[in-house]
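Asker: Before I ask anything, let me first share the structure, which is written out below as structure tokens.
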Amino acid sequence: MSFIIKKKLFCYLAFLLLGLTSLVPRSYSFDKKMGQDFLSDRRAEIEANLNKVSEIEHEGQPKKNGADSCQNYVNGVLEAREDHLVENQPAALEKALTLCYEGVLRQKENGFVYLDVSNEFVTEVTPLLELPGQLRVPPTSSRSVGAHISVFYEKEDVIPEELDEKFSFDVNEVRSFTMHTRDGLKKLWVLAVHSPELEMLRERNGCVSKLNGHDFHITLGKQMPAAAEGWENVEAISALNYEGEPTRGLESEGDFVTVEMDDVQEVLTDIAGLGQLHLKNNGFVYLDVSNEFVTEITPLLPLEGSFTPLPTKAKQMGAHISVIHEDEMIGKQIWSLEEAGEWFTFEPKALRYVDRKTSSGAKRLWLLAADAPGLERLRTQYGLKPKLQGHDFHITLGCEEIISSENTQEEELEECA
């Protein structure tokens, strides 16, 4: 099958799917039996078409957006973009088709305008999604916005006359997309909807028809990495400590200074080089190690400026070795961390510091560099580079303020005055 024919077939299927969903009345005021009959008649058709779409994708068509040639398909009803995936979720889509297709226009105090829709789009649809990891759903309590369709962002500075009026929409498909935010990468799942009424509302208020160029949607949740239940109670030593490819070990050169101190090395021999692999709620993976590395070593540091040690109180992360950043987990789609809870060995070998210029002045970061073959193998096992950001694994001890020579000279002049 030629590439052009594949693209045409894909667009035809997209049109057919959209046509099927458009047959559903916007307001489900008809009797329950009628609704059940409607869904029963079309369930097989929807599933068959979704399967055909999936088959075409596997024949070589990019899964993003269904097909590159489907932009602005069906007379512009859906402006398909290249930054999302159309997900094959027939059970969730079928449930969404049974819900009310109307919402009330609301505005928050900060100026954000949204269509308030039934929370069932979150509470009833999300349990039917099949995906690896876990889905963090938006809050639906009375104090939160709940399920909604964003209409105007606060920066657009719009106060519509139609507040508290009802607007209708049609559900089209389940999508997912990864986006960059100031908090890092996020993988979101949404219900894409079509609403000519909302488009005209935006145009009447001097805005383009689509918010930020995206189709209107109802956010279902944020996909996050997960670990097996009870991973905190695992007592097994990871086989990656001893089995696998040779590792790189510590670097001899870099943007750091190594400090030789016999008393530090003596203390290190009494602290166990063993830690448990943890997964934070945000997807960050780290090795939880003994706080003694901080409490016993920091008093021995040759400090000149004020020093802030790493916090080690209860409910804080405490001493740790960073292993995989959350952006790496989401970017590589590592949704299940099977090794969570396992124990990894390491050997702290060098006391180092790294100088950094910050907005509040020069800082010196003190750390213990550690050789951790098991952690290197863990990263490469998931398709990552052996070391996080190219740096040796390390335990951060704390941060020292660097006293500049200019400040020292000023203090000496003040004393002489």
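Asker: Tell me, what is the FRET efficiency for LYS315 and ASP157 to the nearest 0.05, using R0 = 41 angstrom and their Cβ-Cβ distance as r?
Answerer: Numbers: r = 41 Å, r/R0 = 1.01.
My answer for the efficiency is 0.50.
Asker: So, by mean Cβ neighbours within 10 angstrom, what's the order for 343-352, 149-158 with the highest one leading?
Answerer: On the way: 343-352: 20.2, 149-158: 17.1.
Averaged packing, sorted descending, gives the order 343-352, 149-158.
Asker: What chymotrypsin sites (Phe, Trp or Tyr not before Pro) in segment 179-258 are in a loop by DSSP, with at most 14 other Cβ atoms within 10 Å of the Cβ?
Answerer: Within segment 179-258, the qualifying chymotrypsin sites (Phe, Trp or Tyr not before Pro) (loop, at most 14 other Cβ atoms within 10 Å) are TYR242.
Asker: With Cβ to Cβ distances under 12 Å as the rule, what net charge do the other residues near THR140 carry (K, R +1; D, E -1)?
Answerer: Cβ neighbours under 12 Å give a net charge of -2.
Asker: Another question, then. Compute the length gained on full extension between THR380 and VAL208: take 0.36 nm times their separation in residues and subtract their Cα-Cα distance, giving the result in nm to one decimal.
Answerer: Here the segment from THR380 to VAL208 would lengthen by 57.4 nm.
Asker: Here is a further query. So if each residue of separation counts as 0.36 nm, and I subtract the Cα-Cα distance between ASP263 and ARG356, what length gain in nm does that give?
Answerer: Details: separation 93, 0.36 × 93 = 33.48 nm, distance 2.63 nm.
Net length gain for the segment: 30.8 nm.
Asker: So what's segment 231-401 giving for Cα Rg divided by 2.2 N^0.38 Å, two decimals?
Answerer: Dividing the Cα radius of gyration by 2.2 N^0.38 Å gives 1.03.
Asker: At R0 = 30 Å, how high is the FRET efficiency between ALA236 and GLU347 if r is their beta carbon distance? Nearest 0.05 is fine.
Answerer: After rounding to 0.05, the efficiency reads 0.90.
Asker: While we're looking at this one, here's another question. Which pairs in the list LYS332/LYS357; LYS186/LYS313; LYS280/LYS363; LYS186/LYS315; LYS280/LYS332; LYS363/LYS385 are over 20 Å apart, alpha-carbon to alpha-carbon?
Answerer: Listed pairs above 20 Å: LYS332/LYS357; LYS186/LYS313; LYS280/LYS363; LYS186/LYS315; LYS363/LYS385.
Asker: Would you kindly derive the ³J(HN,Hα) couplings of segment 246-262 from the backbone phi angles with the Karplus curve 6.51 cos²θ - 1.76 cosθ + 1.60 (θ = phi - 60°), listing them in order in whole Hz, with x for Gly and Pro?
Answerer: Karplus-based 3J(HN,Hα) across segment 246-262 equals x, 10, 7, x, 6, 7, 8, 9, x, 8, 10, 10, 8, 10, 8, 9, 5 Hz.
Asker: May I pose another question? How long are the semi-axes of the equivalent ellipsoid of segment 82-224, taking √(5λ) for every eigenvalue λ of the Cα gyration tensor, in whole Å from largest down?
Answerer: 24, 17, 15
Asker: Could you sort 355-366, 85-96 so that the peptide with the highest average Cβ count within 10 Å comes first and the rest follow in order?
Answerer: Peptide ranking by packing, descending: 85-96, 355-366.
Asker: GLU251: net charge of surrounding residues, Cβ under 9 Å, Lys/Arg +1, Asp/Glu -1, itself excluded?
Answerer: The answer is 0.
Asker: Note the full-extension length gain between GLU251 and SER141 as 0.36 nm times their separation in residues minus their Cα-Cα distance, in nm to one decimal.
Answerer: 34.5 nm
Any read-out appearing in this document is the output of simple, stated calculations on the displayed coordinates, not a laboratory observation. In this text the structure is predicted, and so the values were computed from the model without any measurement. We place every Cβ from the backbone using ideal geometry, glycine too, and count neighbours over all the protein chains shown.
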